[in-house]
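Just so it is clear, none of the values below were taken in a lab; they were calculated from the coordinates. All of these numbers come straight from a predicted model, not from anything done at the bench. Cβ sites come from the backbone with ideal geometry, for glycine too, and all protein chains shown count toward neighbours.
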Amino acid sequence: MFAVPTWSQQRARQTQRQQQRQPQRQEQPQPQQSKRARGYTRAWVEVEQGDSVQNIAVLPVYVFRRPADLRKYQRMVIAVKKTYPIAKVARQRMAEMEEKLLTLPTRKAQKAYTKQVEQQIKEEYTPVLKKMTRSQGKVLLKLIARETEYSSYEIVREFRGGFTAGFWQGVAKIFGANLKTEYDREDEDRMLEQIVTLYEAGLL
């Protein structure tokens, strides 16, 4: 003989069957930050009049008419990855130099200090700079101007004098560069600025 289930057992089984018929609601996984130049940057949920509204911030998607333009953009991305950390170091070194120079009592001591720093920078970064292409070197000059708000020529002239600045400007022109390069984030360097913004956000 089969045992007759109690009312509570029948109720429990009925509830279980109803739950099995209902579609399982799965929580949607939160999207992770994309590390590519396409897709969303972040997603969040806002509640409007009792309804949950998902918002997704989307990055601009570049459309290139010519393959050459796409390759130029890709080269610029590579250049930013390679040179932007150096530009940030340049800003830090410049701030440290300005602070240190204020503590030195004589012009002679200041010149000795700037020459010492120049030698340290040469020893540290000459091997790195030699591995850069011309286009990467030009991007580096742009980013130094962006970070320090001075052209490389102005920095050399400020710390090493006009004659030295003129000499290095001549050397730079031999390689197709210009130490007097300035940064125009609103017009000429708009795309470069967007790439730097993506790089800073960890999306490249």
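Below is a table of values for the structure above.
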read-out	value
Test: residue in the range 153-174 that is touching a residue at least 40 places away in the same chain (Cβ under 8 Å), of a type in the set (Val, Ile, Thr) and assigned to a helix (DSSP H, G or I)	yes
Single match in 76, 132 (criterion: part of a loop (DSSP other than H, G, I, E, B) and within 21 Å of residue 181 (Cβ to Cβ))	132
Pick from the range 99-119, criterion among the hydroxyl-bearing types (Ser, Thr, Tyr) and in a helix (DSSP H, G or I), ranking: surrounded by the fewest Cβ atoms within 10 Å (Cβ to Cβ)	113
Contacts under 7 angstrom Cβ, first residue in the range 193-204 being over 14 Å from residue 143 (Cβ atoms), partner of a type in the set (Ser, Thr, Tyr), 6 or more apart	201/41; 203/34; 203/41
